[in-house]
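All remarks here apply to the structure that follows.
The values are calculated or read from the model by the stated rules, or taken from the named source; none is laboratory data. Fair warning: this is a prediction, and the values are worked out from it, not measured in the lab. Note: ideal-geometry Cβ built from the backbone for every residue, glycine included; neighbour counts use all protein chains shown.
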Amino acid sequence: MTKTALAVLLALAVTPALAQRKDCNELKGEIDVKITNNGVKVFTTTIVDKDAPEDGKVVGTCDGGTKKIVYKRGEMPDSAGMTPPATSKQ
């Protein structure tokens, strides 16, 4: 009984060490593809520190839980470098 309990405790202690540490940019790319495939055309995903206040919905965590990815649907901010196409008048 003692050996079984020790084996279970050891297995539980090792389990977190086996968890993969996902790169934030890689995970953000995967999330962006999924959102786009769901038909959303205008959105932002932002990588922030885990303790930072979010302005949107947290859709993932990365770098071992030290950061989170925040999703916001709607207009892209001006800082993203996106400007509407110019219209020509004829």
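Here's a check for you: in segment 1-37, which residue that is exposed (fewer than 10 other Cβ atoms within 10 Å of the Cβ) and of a type in the set (Ser, Thr, Tyr) is modelled with the lowest pLDDT?
THR15
Within segment 47-81, can you find the residues that are among the hydrophobic types (A, V, I, L, M, F, W, C), at pLDDT below 90 and either exposed (fewer than 11 other Cβ atoms within 10 Å of the Cβ) or part of a strand (DSSP E or B) (or both)?
Result: ALA80, single match.
Starting from segment 58-70, take each residue that is touching a residue at least 24 places away in the same chain (Cβ under 8 Å) and list its partners that are among the small types (Gly, Ala, Ser) and part of a helix (DSSP H, G or I), counting only C-beta distances under 7 angstrom and pairs at least six apart or across chains.
none
Just to be sure, is VAL40 at negative phi and at pLDDT 95 or above?
The answer is no for VAL40.
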